[in-house]
Amino acid sequence: MVRSLHVETTEWEFLKNVGVALGVPSESLLKEDKATNTFENVRFSLEVLQQQGIHPKKVVLVHSND
């Protein structure tokens, strides 16, 4: 959950808004909003991709504890 100016939004909604503001068409974004940690995000994102018929050969994960 991201809190800003007393408005609560999900991480997905926040990052979608950032992407759209930077010119990414909203229809090109795929939604994964069930994850509660990085590992789940990777797992659930792969499921979303596969549901769309996208089967990546390689995945790069970048993570920081900072």
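The values are calculated or read from the model by the stated rules, or taken from the named source; none is laboratory data. Predicted model only: the values in this text are computed from it and were never measured. Glycine also receives a Cβ, built like all others from the backbone with ideal geometry; neighbour counts cover every protein chain displayed.
Of the set (1) of a type in the set (A, V, I, L, M, F, W, C); (2) in contact with a helix residue (DSSP H, G or I) (Cβ under 9 Å, 6 or more places away or on another chain); (3) at pLDDT below 95, all apply to Leu29 but (3). If you check Val42 against the conditions, is it in a helix (DSSP H, G or I) and either of a type in the set (Val, Ile, Thr) or in contact with a Pro (Cβ under 7 Å, 6 or more places away or on another chain) (or both)? So Val42 fits the description; yes. When the residues of region 48-66 are filtered to those that are exposed (fewer than 12 other Cβ atoms within 10 Å of the Cβ) and either within 19 Å of Glu13 (Cα to Cα) or among the β-branched types (Val, Ile, Thr) (or both), which remaining residue is modelled with the lowest pLDDT? Filtering first and then ranking leaves Val62. Considering Lys31, Lys16, the condition of being under 13 Å from the mean Cα position of the chain (by Cα) and in a loop (DSSP other than H, G, I, E, B) is satisfied by Lys31 alone.
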